[in-house]
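This is the structure I have questions about; it appears just below.
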Amino acid sequence: MAEAATGNSGRGAEPSLKDKGNEFFKAGNYLKAAALYTQAIKLDPSNHALYSNRAAAFLHLVKLNKALADAEMTITLSPQWEKGYFRKGCVLEAMEKYDDALSAFQVALQYNPQSAEVSRKIKRISQLVKDKKRAQEVEKKRSNIDMTKHLDKLKSELSEKYGSEECWKDIFSFLVETMEAAVRSWHETSNVDAKVFYLLDKEKTDTEKYAPIVNIDKAFESPHTHTNCFQFLRKYAEDSVSRAACLVTPKSLISYPQVWKGQGSRKWKHGQHDGFFVQLETPSLRKLWFVPSSNELGRPVCRDPEVLDIGAHELLPCIFIEKLPST
């Protein structure tokens with residue numbers, strides 16, 4: 001609110017420019033009010049209250065840089081007047097510079113500890129700062145997707161099984177890219193499509209005939225569809241000369257209890273978390289992960305992948321016929 005006149009006009013005298021500005025301010029005509037305060041400032045350039053009032057008018061007009069300049073001038077002309085810091089805090093709040101706004105309101109409170117208005121602002125801005133920090137943390141979790149660090153132990157297992165660095169690195173990269181793409185999909189839609197991704201052989205696979213992705217959205221509807229799907233996927237892996245396969249499916253899709261050999265409720269240790277599964281299949285190594293998801297500030301956030309016992313929780317039987325790498 002604009003500052004009231006200081007009583008320098010006599011009874012019946014013509015209202016001052018400041019008084020006229022205040023009336024327009026109260027009526028919501030902030031543009032006219034700012035113009036009148038500007039005229040008053042030309043006549044009395046050292047009057048801190050005029051700058052304070054014009055700052056309030058500019059704030060309502062969303063002329064934030066001008067409002068901030070006037071608030072700063074108010075403080076310069078009257079450094080111990082809490083209203084200048086209050087104005088500055090309000091402008092910085094509108095600019096969403098919450099840390100700076102909080103500092104300004106705290107100075108205002110030092111000069112007027114009894115101000116309920118300033119105390120309310122400090123409480124509100126403190127919560128906004130907290131909420132903004134939390135929102136930044138959530139977005140950081142959602143945007144910084146790095147599965148490599150969670151799968152680091154797998155490198156030694158792959159190296160032991162395959163020996164050839166080029167061979168196991170291709171499989172590792174394939175898994176990381178598949179999992180990271182699934183996480184991004186989950187963050188965007190709260191879902192992943194049930195699919196099997198194949199790592200095709202660059203030299204041997206007929207890419208005109210075999211695609212690297214197979215949809216399996218019906219696989220878990222019944223024992224019959226599950227068996228048919230598995231048989232198809234195994235033949236597809238063999239015919240396409242695939243080197244590895246990666247199954248991705250949302251937990252919500254799995255209504256077929258025999259998937260976990262009837263041990264689901266006894267072996268499952270991850271509560272009611274929503275999320276998705278990733279099952280890696282190679283001729284020499286099989287792995288299974290569950291990626292749990294939580295809801296933070298109304299947005300889905302994937303947690304670190306949990307390694308599962310594939311013997312108890314496999315989603316599909318071995319897609320590849322196990323074989324040892326040649327020596």
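The values are calculated or read from the model by the stated rules, or taken from the named source; none is laboratory data. The structure displayed is predicted, hence computed values, not measured ones. Every residue, glycine among them, receives a Cβ derived from its backbone with ideal geometry; neighbour counts consider all protein chains shown. To get the accessible areas, we keep the full protein, side chains included, count just its heavy atoms, and leave off ligands, DNA and RNA. Shrake-Rupley method; radii C 1.70, N 1.55, O 1.52, S 1.80 Å.
With label points built 7 Å along Cα→Cβ from the Cα atoms of residue 296 and residue 129, find their separation and express it in nm.
My value for the distance between the label points is 2.1 nm.
Picking from 127, 57, 116, whose Cα lies most toward the positive end of the charge dipole for the range 17-141 (charges on Cβ: Lys, Arg +1; Asp, Glu -1)?
My answer, from the dipole projection, is 127.
Of 150, 226, which has the most accessible area and how do the rest follow, probe 1.4 Å? Let's see the in-between values first.
Numbers: 150 70, 226 20 Å².
Output order, biggest surface exposure first: 150, 226.
Counting residues in the range 17-141 as N, plug N into 2.2 N^0.38 Å and put the Cα Rg over that result.
Numbers: Rg = 15.7 Å, N = 125, 2.2 N^0.38 = 13.8 Å.
Computed over Cα atoms of the range 17-141, the ratio equals 1.14.
Could you compute how much accessible surface residue 141 exposes when probed at 1.4 Å, giving the result in Å² to the nearest 10?
For residue 141, solvent-accessible area is about 80 Å².
How far apart, in nm, are the 7 Å Cα→Cβ label points at residue 106 and residue 27?
4.2
What do you reckon, how do 280, 31, 77 stack up by accessible area (1.4 Å probe), largest on top?
Details: 280 0, 31 115, 77 65 Å².
Result of the area sort, largest leading: 31, 77, 280.
For residue 252 paired with residue 65, estimate the spin-label separation in nm (one decimal), with each label point 7 Å from Cα along the Cα-to-Cβ line.
Output for this residue pair reads 4.7 nm.
Could you tell me the center-to-center distance, by alpha carbons, between the range 36-51 and the range 270-308 in angstrom?
Each part reduced to its Cα centre gives a spacing of 64 Å.
What's the magnitude of the charge dipole for the range 17-141 around its Cα centre, counting Lys and Arg as +1 and Asp and Glu as -1 at the beta-carbon? Answer in Debye, nearest 20. Numbers along the way, then the final one.
Details: 22 positive and 14 negative charges, 62 e Å.
Around 300 debye, computed over the range 17-141.
May I ask for log10 I(q)/I(0) of the range 139-216 at q = 0.12, 0.26 Å⁻¹, from a Debye sum over the Cα atoms as equal point scatterers with solvent left out?
-0.45, -1.20
Work out, in µm²/s and without decimals, the Stokes-Einstein translational diffusion coefficient of the range 137-291 at 20 °C, 1.002 mPa s, Rh from Kirkwood over C-alpha pairs. Mind dumping the intermediate values first?
Working: Rh = 16.8 Å.
For the chosen part, D equals 128 µm²/s.
So what's the back-of-envelope 222 nm ellipticity for the chain, counting only DSSP H runs of four-plus at -39500 (n - 2.57) apiece and dividing by all residues, rounded to 500? Show your work: numbers first, answer last.
Numbers: 12 runs with 167 residues, N = 327.
That calculation yields -16500 deg cm²/dmol at 222 nm.
With every protein chain left in place and a probe of 1.4 Å, what is the accessible surface of residue 61, to the nearest 10 Å²?
50
What per residue convex hull volume, in Å³, do the alpha-carbon atoms of the chain yield? Don't skip to the end; give the middle numbers.
On the way: hull volume 72.9 nm³, N = 327.
Value for the chain: 223 Å³ per residue.
Sticking with this structure for a sec: If DNA, RNA and ligands are ignored and the probe is 1.4 Å, what is the ranking of 153, 18 by accessible area, most exposed first?
Numbers: 153 170, 18 20 Å².
Listed by decreasing accessible area, they come as 153, 18.
Please list the non-local residues whose amide H lies under 5 Å from the amide H of residue 244, H modeled 1.01 Å from N, same-chain partners needing a gap of 5 or more.
So residue 244 has HN proximity to 199.
Can you tell me the dipole magnitude for the chain around its Cα centre, using point charges on the Cβ only (Lys, Arg +1; Asp, Glu -1), in Debye to the nearest 20? Could the numbers behind the result be given before it?
Values: 48 positive and 43 negative charges, 238 e Å.
Taking the Cα centre of the chain as origin, the dipole is about 1140 debye.
Greater than 31 Å separation of Cα atoms is the criterion. Which listed pairs, 132/195; 26/130; 42/133; 161/235; 141/161; 141/195, meet it?
Working: 132/195 37 Å; 26/130 33 Å; 42/133 43 Å; 161/235 23 Å; 141/161 33 Å; 141/195 25 Å.
With Cα atoms farther than 31 Å apart: 132/195; 26/130; 42/133; 141/161.
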